[in-house]
Amino acid sequence: MFLKGWSMVTGKLSLTSSRIILLGFAIPIFLGALLLALPISSSTGNSVGWLNAWFTSTSAVCVTGLVVLDTGMAFSPFGQIVVLCLIQIGGLGFMTFGVLIAVVMGRRIGLKERLLIQESANSVTTQGVVRLSLSIFLIAFIVETLGAALLTIRWTDELGLTRAIYYGIFHAVSAFNNAGFALWPDSLSRYVGDPLINLVITSLFIIGGIGFTVILDLYRKRRWRDLAFHSKVVVITSGLLCLVGFLVIFVIELFNTRTFGGLSWTERLWAGYFQGVVTRTAGFNSIDVASMMPASQFFMIFLMFIGASSGSTGGGIKTSTFAVLVLSIMATVKGNEDVQLLKKRISQKMIFRALAVMTISVGVVIAAAFLLTITEYRLHKDFLVLLFEATSAFGTVGMSMGLTPELSPLGKLVIIITMFIGRLGPLTLAFALAQRNKKQKYRYPEEKLLIG
């Protein structure tokens, strides 16, 4: 029913699949903002304001985690549940929920709907997309339930059973969907040296960040040689980025008295690990990001820009895009005509697509940072702070150096738009806004051009 009705409406409007996906994120954001602007959503009984509600709703649906209001203090339990629902919808995707509703109601899903699901889930084929959507629900339910149970056990003595269950569910859903929303003002800094909290939270957002197709492939194949090429690239790239992130941040912050100064060596290891892997996808933090060394903050911008993997709950240019770009550079330097990895050749089409994603993404981040230098001039913030905020919004990471609560109304609008572009995907947005040309039946003569 949901998919059929959606298909009829969008068909009458002659919308492309990219534009339908755009609306699929915009509509929940609008509805979420309406709910969050209600007095019942506020802890004080007064509306938090339309702009703050819109910002929070966008951050939740785009699974970013940047907040202008403290989630645990500013919002009532009703408002927090609204935020939680928006996170789940934004993380799994509106089409995934549409498939579940259609299956429950016994509705048939046609080819047009399957094509839409394919693009929404970032699948390479329409074959098995309905099964993929249902598998996404099952994976999310199992992983989030297990994570919530472990967190509940950890927090029962500290918070009491009822509150521990609520906090466990909220943070498990937030972590798996790479949202980074927390119910404490200091995020998870109070648990900087807690092994269980560190392992559960990081496991949740790493699983959610590698992509559902990769998770299913790992479950079904279980042997490295049988895995799909995409899964191997994602696992290798994600593993290397996590390792490098941990080592770089740990070494740089090792003797920073403002972050590691009061921590034991065990706590420093946990802090380095947590901050090194969380930066790419989720906005939690176990140490004060604003107090970190500028070198660490700059390196975190690099990790946030890369982000998670395709078909996951995270943002950024994606690990596979980064891998293709690096391999392309290496092939060019070596003078190789083909870009190869694991005895496979990557097509020119994929290379051009990766270059397009990279170029558009750099443009979005630079434009957002430039606009923030204009809208936030009154704060006299360093450009690194503004660039960090813009990259965090684009990568839907949600980490901040303290700028978000101080943003001007125009600055909030800049971040809202940046978060939306980052979650939607720069290439999808470009396709949605551009008029696609029909395939040309002719080719112009080739000519040489000096490069570099």
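The values are calculated or read from the model by the stated rules, or taken from the named source; none is laboratory data. Since we're looking at a predicted model, the values are computed, not measured. Reconstructed Cβ throughout: ideal geometry from the backbone, glycine too, with neighbour counts over all protein chains shown. Areas reflect the complete protein model, heavy atoms only, side chains present, ligands, DNA and RNA absent. Shrake-Rupley method; radii C 1.70, N 1.55, O 1.52, S 1.80 Å.
Annotation: amide H-H contacts under 5 Å for PHE75 (H modelled 1.01 Å from N, sequence separation of 5 or more, or interchain): SER43. With only the Cα atoms considered, segment 29-75 has a convex hull volume of 55 Å³ per residue. Rounded to the nearest angstrom and listed largest first, the equivalent-ellipsoid semi-axes of segment 273-337 from its Cα gyration tensor are 28, 15, 7.
Where the convex hull is taken over the Cα atoms of segment 164-204, what is its projected area averaged over directions, in nm²?
Value for segment 164-204: 2.7 nm².
Extents of segment 158-265, taken as max minus min of Cα coordinates on every principal axis and listed largest first, are 46, 40, 19 Å. Cross-link check: pairs LYS221/LYS334; LYS232/LYS381; LYS232/LYS412; LYS221/LYS344 evaluated at a Cα-Cα cut-off of 30 Å; pairs beyond the cut-off: LYS221/LYS334; LYS232/LYS381; LYS232/LYS412.
When you filter the trypsin sites (Lys or Arg not before Pro) in segment 245-317 for DSSP loop state and at most 16 other Cβ atoms inside 10 Å of their Cβ, you are left with ARG258. How large, in percent, is the carbon and sulfur part of the accessible surface of segment 145-280 at a probe radius of 1.4 Å? Here it works out to 68 percent.
Taking Lys and Arg as +1 and Asp and Glu as -1, the other residues whose beta-carbon sits under 10 Å from that of ALA308 total +2. Couplings for segment 361-373, taken from phi via the Karplus curve 6.51 cos²θ - 1.76 cosθ + 1.60 with θ = phi - 60°, read 5, 4, x, 5, 5, 5, 5, 5, 5, 4, 5, 5, 5 Hz in order; Gly and Pro are left as x.
Taking only the C-alpha atoms of segment 322-403, the Rg (one decimal) and the largest Cα-Cα distance, Dmax (whole number), read 17.4, 54 Å.
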